[in-house]
Amino acid sequence: MTDTTLQAAPTVRDETPVRTPMREMWRQFRAHKGGVAGLAVFIFIVLAVYVGPYIHTVAPNAINIRDKNQGPSFAHPFGTDNLGKDMLAQVLAGGRISLAVGFAAMLLALFLGTLVGVLSGYFRRADGPLMRLTDLFLALPLLPLLLVILMLFRDTLRSAFGPETGIFILIVFVIGITSWMHTARIVRGDVLAVKSQEFIVAAKSSGMREHRIIIRHILPNVLSSIMVSATLGIAAAIITESALSFLGLGFPSDFPTWGRLLYDGANFLQLTPSRVLWPGLAISLTVLSVNYMGDAIRDALDPRTLKR
């Protein structure tokens with residue numbers, strides 16, 4: 001008898017991509033049309049304010065009295081102000097400062113809110129004092145408090161770090177310490193729900209230290225709330241900075257932000273209304289796009305949608 005060799009049938013590989021949590025979150029995010037549109041607009045604004053000055057090379061503080069109070073033209077697409085400064089260059093420069101303030105203040109508020117929320121939710125003894133501190137900050141009139149802090153420490157920080165850096169540090173600090181309370185309450189509620197789960201009890205029973213439980217088990221499970229608070233915190237910080245600059249208490253006049261441009265252009269509203277149109281439109285589009293992104297991230301991280 002001749003030996004017959006049996007050949008194994010070729011295995012068919014499954015071409016279906018692995019459904020990881022990140023893939024699922026991105027799929028849910030893409031299903032939110034408003035979030036995708038907001039992401040596209042926000043990326044466009046970020047690229048415009050950081051790449052735009054290399055294309056539109058006019059200096060934002062260059063004065064040309066002959067071209068003052070002009071409307072939109074080829075040389076000045078957004079027109080000029082009463083000193084002949086190019087409005088497009090000022091909007092781009094102001095956008096870099098406003099976005100930097102928004103991100104820096106958001107990070108500070110997120111750090112404080114997450115710290116207070118985790119400590120309050122995980123440690124029972126710290127819950128009462130920290131929540132009463134949160135209630136105290138929520139009860140304070142924020143705008144008068146902001147004005148008082150700015151008036152008290154503005155000159156000190158200016159002399160210590162310079163007029164621009166000192167005001168930047170002061171505004172970021174003021175916005176950050178007055179906008180962490182909502183994040184703290186949200187994170188505290190999530191921590192209270194997570195710490196009663198079986199895997200936390202098992203980690204405690206195994207002798208794992210408290211700080212390792214918080215870092216390895218608590219924080220990853222409340223990350224979704226932190227990310228949503230981050231997106232909304234950027235929008236809130238930009239609006240607050242714009243309000244302070246519009247009141248004349250923000251950056252100096254030769255250091256433009258979107259709020260400062262609104263403040264400077266308010267007196268010329270009837271003569272050149274475009275002076276307040278462009279920075280106001282930039283603020284509105286940025287805040288709106290960030291809010292839509294926050295809604296999409298919240299829906300994408302919702303466990304009920306991830307199970308579909």
Crossing angle, helix 21-31 versus the chain [Cα axis fit, 0-90 degrees, rounded to tens]
50 degrees
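Run lengths n ≥ 4 of DSSP H only: what is the helix-derived mean residue ellipticity at 222 nm for the chain, with -39500 (n - 2.57) per run over all residues, to the nearest 500? Could the numbers behind the result be given before it?
Details: 13 runs with 210 residues, N = 308.
So the helix-based figure for the chain works out to -22500 deg cm²/dmol.
Kirkwood Rh over Cα pairs of the chain into Stokes-Einstein at 25 °C, 0.890 mPa s: D in µm²/s?
Details: Rh = 22.5 Å.
Using the Kirkwood radius from Cα pairs, D works out to 109 µm²/s.
Taking each pair of distinct Cα atoms in the stretch 156-267 once, what is the resulting Kirkwood hydrodynamic radius in Å? Spell out each step's value before the answer.
Details: mean 1/r = 0.0591 Å⁻¹.
Result for the stretch 156-267 stands at 16.9 Å.
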For the stretch 190-259 and the stretch 262-304, what is the separation of their C-alpha centers, rounded to whole Å?
22 Å
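Below 8 Å between Cα atoms, with a sequence gap of 6+, how large is the relative contact order for the chain in percent? Don't jump to the answer; show the numbers that get you there.
Numbers: 411 pairs, mean separation 82.2, N = 308.
Relative contact order here is 27 percent.
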Total lysine pairs whose alpha carbons fall under 24 Å of each other in the chain (8 or more apart, or interchain)
4
Give me the distance in nm between label points sitting 7 Å out from Cα along the Cα-to-Cβ direction at Leu143 and Leu271, one decimal.
2.8 nm
Tilt, helix 33-55 to longest principal axis of the chain (alpha-carbon atoms), in degrees rounded to tens, equals 50 degrees
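I'd like the trypsin sites (Lys or Arg not before Pro) in the stretch 112-212 restricted to DSSP loop residues with at most 11 other Cβ atoms within 10 Å, sorted by number.
On the way: sites: Arg124, Arg125, Arg132, Arg154, Arg158, Arg185, Arg188, Lys195, Lys204, Arg209, Arg212; in loops: Lys195, Arg209.
Hits after loop and neighbour filter: Arg209.
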Between the Cα axis of helix 274-300 and the main Cα principal axis of the chain, the angle (0 to 90°, nearest 10) is 10 degrees
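A short reminder: the numbers here are calculations on the coordinates, not readings from a lab. Everything quoted here is computed from the prediction, not taken from an experiment. Every residue, glycine as well, gets a Cβ built from its backbone with ideal geometry; the counts of neighbours run over all protein chains shown.
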